Amino acid sequence: MSSPLLNEFPELAHLSREDLEDLLADPTYFQAIFHSLDRVKALYQAQAELGMANEAIAKRNLELQDSLYKLRSDTKDAFDESKALEARWKEIEKEQREVYQRFSPQFLLMRLKHATIAQDDRSEARASAFVQASPSEPPATASANGKDIDDFVKEFKELRKVYHKRVMWGDRWAAGQVAWRDD
């Protein structure tokens, strides 16, 4: 007679019916027979091997733990530094725009106009100072005064030359004859 139990577990075929009934009645006997089965032994062996493999993996992970924590810390530091550098980059770009703005064509034209007005004011102030400082003198001192006049003329001429150059550059600008390069 072939029972499904014996088909499934041929290792039990040598046991009598009484032994099988004792097997079901006595838990200790059941455990002894159960643990002697090849399938169970193979299962326990596989389980032990998996346990040892897991233990080896865990040990390896523990060995790597410190270096991984250091790597994580280094990565965080590098990320933080990159964020700080990125913020600094934005500040530098802003500063650069502000510096370049001082050299923009519009700003330079404004500076030229202000410098032209200031130069005109300087030359006029110098002329006024000369006229107020030289009262009508008798002709006897005119030769000593001639040196002062020559110095004034030379200085006034230089001041007006600079003024007129600036006016010419402003006129050229207004006529579209000035080209600013961006390089």
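Values in this text are rule-based calculations from the coordinates and carry no lab data. Remember, predicted model here, so these are calculated numbers, not experimental data. With ideal geometry, Cβ positions are generated from the backbone for all residues, glycine too; neighbour counts draw on all protein chains shown.
Which numbered condition trips up Gln65, out of (1) polar (S, T, N, Q); (2) touching a Phe, Trp or Tyr at 6+ places or on another chain (Cβ under 9 Å); (3) farther than 30 Å from Val178 by Cβ?
Against the list (1) polar (S, T, N, Q); (2) touching a Phe, Trp or Tyr at 6+ places or on another chain (Cβ under 9 Å); (3) farther than 30 Å from Val178 by Cβ, Gln65 comes up short only on (2).
Of the numbered conditions (1) surrounded by 11 or more Cβ atoms within 10 Å (Cβ to Cβ); (2) part of a helix (DSSP H, G or I), Lys59 satisfies every one except a single condition; which is it?
(1)
Any idea which of (1) within 26 Å of the chain's Cα centre (by Cα); (2) closer than 30 Å to Lys154 by Cβ is the one Arg122 doesn't satisfy?
(1)
Could you tell me which residue of segment 71-128 is surrounded by the most Cβ atoms within 10 Å (Cβ to Cβ), considering only residues that are in contact with a helix residue (DSSP H, G or I) (Cβ under 7 Å, 6 or more places away or on another chain) and under 22 Å from Ala179 (Cβ atoms)?
Taking the candidates together, the pick is Thr116.
Are any residues in segment 39-56 of a type in the set (Asp, Glu) and either farther than 30 Å from His14 by Cβ or surrounded by fewer than 10 Cβ atoms within 10 Å (Cβ to Cβ) (or both), and if so, which ones? Let's see the steps before the verdict.
Within segment 39-56, the subset of a type in the set (Asp, Glu) is 49, 55.
The one that is of a type in the set (Asp, Glu) and either farther than 30 Å from His14 by Cβ or surrounded by fewer than 10 Cβ atoms within 10 Å (Cβ to Cβ) (or both): Glu55.
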